[in-house]
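Participant: Handing you this structure, nothing more for now.
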Amino acid sequence: MVNTASTMLKLGTPAPDFSLTDTVSGKQVSLSDFSGKPLAIMFISAHCPFVIHVQDELARLGRDYADTDLQFVAVCANYVVSHPADAPDKLAEQAQTCGFNFPYLYDETQEVAKAYTAACTPDFFLFDADHKLVYRGQIDDSRPKTDIPVDARDFRAAADAVLSGKAPAEDQKPSMGCNIKWIPGNEPDYFG
């Protein structure tokens, strides 16, 4: 388990466009499908211990906010040659087992992950209804092998602020997780 922190993309950044295949339905899902709605984009994977630690809470978030304007999308960008547990069929299995009620997209070229400066799994990005970044970072303070409960406290506070027309607090903590498994030679340059 390599601890990698999120990059903390600049607040106010417009959501980069994407069009990826949902591993469950097989349908194309694009940023434009969520026009005029706040959107949470979560970079996750099937094998990562950090994601496994929070995956039930991710499903709960989808259910808890189902009757609001907030939309959710999960994306996996891991290189499946080196990490076959993150192949699209395994992602679909994870989504069904956990009860995800949101699209779970596969970013085969890793271009979407790069556009969002995603660094780890899980890595969370919350955009307002104009698709401007208002929150990025951790879901909460819990980590594997800690006694801190998984409750999505940080993410929920940001989501509730957005839904009430307010800006989330700007004091945001980076997410921590396994590094995205990049295609050899395709590593992004935003790590410095």
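The values are calculated or read from the model by the stated rules, or taken from the named source; none is laboratory data. What you see is a predicted model; the values in this text were computed from it and never measured. Cβ atoms come from the backbone with ideal geometry, glycine included; neighbour counts cover every protein chain shown.
Participant: Considering only residues that are of a type in the set (S, T, N, Q), in contact (Cβ under 8 Å) with a residue 12 or more places away in the chain and either surrounded by fewer than 16 Cβ atoms within 10 Å (Cβ to Cβ) or farther than 16 Å from Thr4 by Cα (or both), which ones fall in region 134-171?
Facilitator: None; the set is empty.
Participant: Restricting to region 32-77, and then to whatever is among the charged types (D, E, K, R) and surrounded by fewer than 18 Cβ atoms within 10 Å (Cβ to Cβ), can you tell me which residue is nearest to Thr21 (Cα to Cα)?
Facilitator: Asp33
Participant: Also, I was wondering about something else. Given Asp67, Asp33, which one is outside any loop (DSSP other than H, G, I, E, B), without any contact (Cβ under 8 Å) to a residue 40 or more places away in the chain and farther than 23 Å from Asn3 by Cβ?
Facilitator: Sole residue among the options that is outside any loop (DSSP other than H, G, I, E, B), without any contact (Cβ under 8 Å) to a residue 40 or more places away in the chain and farther than 23 Å from Asn3 by Cβ: Asp33.
Participant: Going through region 70-90 one residue at a time, which ones are farther than 17 Å from Cys178 by Cβ and either at pLDDT below 95 or outside any loop (DSSP other than H, G, I, E, B) (or both)?
Facilitator: Gln71, Phe72, Val73, Pro88, Asp89 - these are the residues of region 70-90 that are farther than 17 Å from Cys178 by Cβ and either at pLDDT below 95 or outside any loop (DSSP other than H, G, I, E, B) (or both).
Participant: Just to be sure, is Gly185 in a loop (DSSP other than H, G, I, E, B) and within 24 Å of Leu31 (Cα to Cα)?
Facilitator: Here the answer is no, as Gly185 does not meet what is asked.
Participant: Looking at region 148-162, can you tell me whether even one residue there is farther than 21 Å from Pro49 by Cβ, within 13 Å of the chain's Cα centre (by Cα) and of a type outside the set (Val, Ile, Thr)?
Facilitator: No, region 148-162 contains no residue that is farther than 21 Å from Pro49 by Cβ, within 13 Å of the chain's Cα centre (by Cα) and of a type outside the set (Val, Ile, Thr).
Participant: Tell me yes or no: at least one residue of region 57-68 is modelled with pLDDT of 95 or more, more than 15 Å from the chain's Cα centre (by Cα), of a type in the set (Ser, Thr, Tyr) and farther than 20 Å from Arg153 by Cβ.
Facilitator: No, region 57-68 contains no residue that is modelled with pLDDT of 95 or more, more than 15 Å from the chain's Cα centre (by Cα), of a type in the set (Ser, Thr, Tyr) and farther than 20 Å from Arg153 by Cβ.
Participant: Residue by residue through region 16-31, note down the ones that are buried (at least 16 other Cβ atoms within 10 Å of the Cβ) and of a type outside the set (A, V, I, L, M).
Facilitator: Of everything in region 16-31, those that are buried (at least 16 other Cβ atoms within 10 Å of the Cβ) and of a type outside the set (A, V, I, L, M) turn out to be Pro16, Phe18, Thr21, Asp22, Thr23.
Participant: Identify the residue in region 1-51 that is small (Gly, Ala, Ser) and modelled with pLDDT under 95 and, among all such residues, is nearest to Leu61 (Cα to Cα).
Facilitator: Ser6
Participant: Residues being surrounded by fewer than 21 Cβ atoms within 10 Å (Cβ to Cβ), touching a residue at least 40 places away in the same chain (Cβ under 8 Å), touching a strand residue (DSSP E or B) at 6+ places or on another chain (Cβ under 9 Å) and in a loop (DSSP other than H, G, I, E, B): count how many of those fall in region 91-116.
Facilitator: Total meeting the criteria: 1.
Participant: Looking at region 117-127, which of its residues are assigned to a loop (DSSP other than H, G, I, E, B) and crowded, with 22+ Cβ neighbours inside 10 Å?
Facilitator: Across region 117-127, the qualifying residues are Ala118, Ala119, Pro122.
Participant: Here are the criteria: (1) closer than 25 Å to Asp69 by Cα; (2) touching a Cys at 6+ places or on another chain (Cβ under 7 Å); (3) not basic (Lys, Arg). Tell me which single one Ala113 does not satisfy.
Facilitator: It fails just one condition, (2).
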